[in-house]
Each structure stands twice: as C-alpha cells, then as structure tokens.
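Q: Sending over a structure as structure tokens; questions will come in a sec.
The values are calculated or read from the model by the stated rules, or taken from the named source; none is laboratory data. Since the model is a prediction, treat every value here as computed from it, not as a measurement. As a convention, Cβ positions derive from the backbone with ideal geometry for all residues, glycine included, and neighbour counts pool all protein chains shown. Keep in mind that these areas ignore ligands, DNA and RNA; they rest on the heavy atoms of the full protein, side chains included. Shrake-Rupley method; radii C 1.70, N 1.55, O 1.52, S 1.80 Å.
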Amino acid sequence: MILLQSHSRFLLQTLLNRAQNLDKGVELDHHWVEFGDVRYHIQVSMKNPHVLLLSVSLPTPSSETIFVCGLPFGAIEAIKAAYGNLVQILDPPRDGFNLTLKINLSKLPANQEQKHTFLVKVASIREVVLGAPLRVIFEHLVARTVAPDLDPLVALVHRPNESFFLFPKADKVTVVYPMRFNDSIDIVLATSFLQEFVEARRTAGLHNSPPCSWSLTPPLELKGVPADALSANAGFVTFVIFPRHVEGQKLDRTVWNLSTFHAYVSYHVKCSEGFMHTRMRRRVESLILALDRAKPDPENSKKTSYNRSFKRLSLKDSRNNSFS
C-alpha cells in the first residue's frame, strides 16, 4: 500500500524555486486544493519579492468540533514550535482563509540542507495545523497522563463538516472514524478494503501495530454523539493507540497517518476502481478481437466455393478406396 506524503509537493517545489531565485522579481499568485478539503494560496509581489504569503483554508468544522480563533486547539503553539521566528502569523488572516503565514525568504538558513529541511516543514503546514490536537494528546499519552481541560470525547475535523473522535486515557487513546462515501461503488470497495485492512493486522509481521477493528454499527464509545455525526455508510474503524506507538520519531508518522486516514482509504479505493476498469476494458478488447477472428471472410468463402474442383473416380478406383 502507498502512504501519502506529509508535505505538499506543489508547495515545496514552489518554495524551492522561489528560494533559489530571490534575485529575480517574479510575481506569484497560485490557488490550489489538496485532499479535496484544504485550500492553499501563495502570493509574492514584485514590490517585495523576498516576502512570501502563504494562506491555508481548512475543512469546515462540524458542530461537535471546537476551533480556537479559527484553528484547531494547539495549532498556534505547534506553528511557533515548528517554524520559530522565521514565520510570522498574520492576525487576522486573509479573507476566506483560516491561517496566513508571512515568510521572509531572505532570512532562511544559508546551509542548503537546513534550508531544504525548513522548506519541507513549511510545505507540511497541513500536518502541523490539523495534527496539532493529536500531537497534544499523544505527548500526554507518552507521559501516561491526560491533557488538562480535555473532554472525555474529543472531536477533530478531517473532512468538511465531518469529524473523527478520540477517547484519551492515561494508558491508551481510542480513535474512531465514521467512514462516509458519496458514490455507491466507493462504498462497496471501501467496505471490502476496510475489512481486509483489519484482517491484515492479524498477520505475524504486524503484531506491534495498533489494534484495529471495523463494524457496521457505532462502537459503544460513541454513545451520546449526535446522530448526524454517526451517519456512516461504510462502517466505523477503530484504532487503539498505546504509548509505544507514539514514542520518539513514531509520533510524527502516527499523527500524519491518523489525520489523513480517510484520504488514505479514498486514494486506494479510487486506485482499485481504476485498476478494475482497466482490467475490464482489456478483457472487452480481447473478446472483441476473438470475435473478429471468428468471423468468416466472405471473399475467401466465395472463392473456395467457385474454384472447388472434383475428380470423377472410376468404379474400380472407388472400390479400391473403400477397401484401403
């Protein structure tokens, strides 16, 4: 299976090109959307080519999800910890966006490796912002504690008007995803994919991975959640995260995989659908070729019937042929 990259490839390429050509006054004004839910806007003016403005629009939160100043809780602290003084948070952000960052490219590290590492972090702004609540909860899990002033049930946004749920405890964190898809074919493929996903967890090589389960009905932990938030047509996926899954360098990978789990499933569902369509087209083409080869050639059949000659045998020859 293919794992999604944490950084935006288009954003990283744009940042690298701009950082390598600071002497050239080039105006930039790009809009794009990734994962179908996060919208980006990058802007550089001719008057100040060393300053880059990066704006991010997050998925619209559902009613059970709490945003602080338009961002998930812990996002401001995560941005400051990731980028330090090289990035300035504009307040208020650009109209229509949840966050606007001001980056002075002339103050980037002179070392090329350090510069590239920093720009990769900037290109991973989605992980930094949307993964901030997960990071706060898992950092307390490593310390065997629960974050203060945290509700027993935490709802986090991952798609427009859709949430997934966390149940943090001192020894484990339970994560539940209501899986929703719009297309009927996607629902069937996703259901099959998720069932195989759970079965794959039982193999010997994956015994250290987080326990995973799937069910058509909501798990008992979601009792009391509004019915609108539980309208899942592809079932519910549950992961149980233990401290060993978020220790050290595992934290970043776990935060990214959980924050993009629905996009991960959607990606493989679409790949499976495209693969099956390709196989069906090839099968149809092979059947058409077989039918074409089976058709008789009318011209050859006419020539055979008209040009056919017969040799009259004598009575003696016919008797010899019958006994031979």
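Q: Round to the nearest 10 and give me the degree value, 0 to 90, for the angle of helix 112-123's Cα axis relative to the longest principal axis of the chain.
A: 80 degrees
Q: Mind checking the full-extension length gain between Lys295 and His207? Use 0.36 nm per residue of separation minus the Cα-Cα distance, one decimal, nm.
A: Values: separation 88, 0.36 × 88 = 31.68 nm, distance 5.73 nm.
Between Lys295 and His207, full extension yields an extra 26.0 nm.
Q: Along Cα→Cβ, 7 Å out, is where each label goes; now give me the distance between the ones at Glu139 and Val240 in nm to one decimal.
A: 2.7 nm
Q: By how many nm would the segment from Asp228 to Asn182 lengthen if fully extended, with 0.36 nm per residue of separation less the alpha-carbon distance? Intermediate values should be presented prior to the final figure.
A: Values: separation 46, 0.36 × 46 = 16.56 nm, distance 1.54 nm.
Between Asp228 and Asn182, full extension yields an extra 15.0 nm.
Q: If you don't mind, another one. PRE reach from Asn111 (point 7 Å along Cα→Cβ): which of the stretch 75-89 fall under 19 Å by backbone N?
A: Residues passing the 19 Å test: 82-87.
Q: I want to check the label-to-label distance for Val198 and Val26. Put each point 7 Å from Cα in the C-beta direction and report it in nm to one decimal.
A: Between Val198 and Val26, the label points sit 5.0 nm apart.
Q: While we're here: How large, in Å, is the stretch 1-116 by the Kirkwood hydrodynamic radius built from its alpha-carbon pairs? Don't jump to the answer; show the numbers that get you there.
A: On the way: mean 1/r = 0.0640 Å⁻¹.
15.6 Å is the Kirkwood radius here.
Q: While we're on this one: In the stretch 113-227, if every C-alpha pair distance is counted and binned at 10 Å from zero, what percent goes to each bin?
A: For the stretch 113-227, the binned pair fractions read 11, 30, 37, 19, 3 percent.
Q: So, with a 1.4 angstrom probe, what is the percent of accessible area on the stretch 214-299 that is carbon and sulfur?
A: Details: 3320 of 5500 Å².
Of the solvent-accessible surface of the stretch 214-299, carbon and sulfur hold 60 percent.
Q: Something else: Which pairs break 19 Å Cα to Cα here: Lys47/Lys121; Lys47/Lys115; Lys80/Lys172; Lys80/Lys102? Spell out each step's value before the answer.
A: On the way: Lys47/Lys121 26 Å; Lys47/Lys115 24 Å; Lys80/Lys172 28 Å; Lys80/Lys102 13 Å.
Table pairs above 19 Å Cα-Cα are Lys47/Lys121; Lys47/Lys115; Lys80/Lys172.
Q: Then there is this: For the chain, take the longest principal axis of its alpha carbons; what is the angle in degrees between that and the long axis of helix 250-259, to the nearest 10 within 0 to 90?
A: 70 degrees
Q: While we're on this one: What is the helix-to-structure angle for 184-200, meaning the angle in degrees between its Cα long axis and the longest Cα principal axis of the chain, kept from 0 to 90 and rounded to the nearest 10?
A: 80 degrees
Q: Mind listing which GluC sites (Glu not before Pro) in the stretch 1-108 are in a DSSP loop and have 16 or fewer other Cβ atoms within 10 Å? Show your work: numbers first, answer last.
A: Details: sites: Glu27, Glu34, Glu64, Glu77; in loops: Glu27, Glu64.
Counting only loop positions with at most 16 other Cβ atoms within 10 Å, the GluC sites (Glu not before Pro) in the stretch 1-108 are Glu27, Glu64.
Q: Now for a different question. Sort Glu127, Glu196 by accessible area with a 1.4 Å probe, largest first. Spell out each step's value before the answer.
A: Working: Glu127 20, Glu196 115 Å².
Accessible-area ranking of Glu127, Glu196, largest first: Glu196, Glu127.
Q: Here is a further query. How large is the helix-only mean residue ellipticity at 222 nm for the chain, computed as the sum of -39500 (n - 2.57) over DSSP H runs with n ≥ 4, divided by its residue count, in deg cm²/dmol to the nearest 500?
A: On the way: 10 runs with 129 residues, N = 324.
So the helix-based figure for the chain works out to -12500 deg cm²/dmol.
Q: What percentages make up the Cα-Cα pair-distance distribution of the stretch 153-297 when the bins are 10 Å wide from 0?
A: 10, 34, 29, 12, 7, 5, 2, 0
Q: Taking the Cα-to-Cβ direction at Asn85 and at Val33 and moving 7 Å from each Cα, how far apart do the two end points lie in nm?
A: 4.0 nm
Q: Please report the carbon-and-sulfur percent of the accessible area for the stretch 1-53; probe 1.4 Å, protein heavy atoms only, DNA, RNA and ligands left out.
A: The C+S portion of the solvent-accessible surface of the stretch 1-53 is 51 percent.
Q: Along the charge dipole of the stretch 98-237, which of Val136, Ile187, Ser215 sits closest to the positive end, that is, farthest toward it, with unit charges on the beta carbon of Lys, Arg, Asp and Glu (+1, +1, -1, -1)?
A: Val136
Q: Beta carbons within 10 angstrom, averaged per residue: use that to sort the peptides 157-168, 272-283, 83-94, highest first. Can you show the working numbers first?
A: Values: 157-168: 20.2, 272-283: 11.1, 83-94: 13.9.
Going from most to least packed, we get 157-168, 83-94, 272-283.
Q: To the nearest 0.05, what FRET efficiency results for Ile288 and Ser63 with a Förster distance of 56 Å applied to their C-beta separation?
A: Values: r = 53 Å, r/R0 = 0.95.
Efficiency computed from Cβ-Cβ geometry: 0.55.
Q: List the aspartates and glutamates whose Cα sits under 13 Å from the Cα of Lys270, skipping any in the same chain fewer than 8 residues away.
A: Result set, ordered by chain and number: Asp183, Asp186.
Q: Wrap a convex hull around the Cα atoms of the chain, take a quarter of its surface area, and give that in square nanometres. Spell out each step's value before the answer.
A: Numbers: hull surface 129.6 nm².
The Cα convex hull of the chain, projected and averaged over all directions, gives 32.4 nm².
Q: Then there's this: Which value, in debye to the nearest 20, describes the size of the charge dipole of the chain about its Cα centre when Lys and Arg Cβ atoms bear +1, Asp and Glu Cβ atoms bear -1, and nothing else is charged?
A: Numbers: 38 positive and 30 negative charges, 434 e Å.
Here the size comes out at about 2080 debye.
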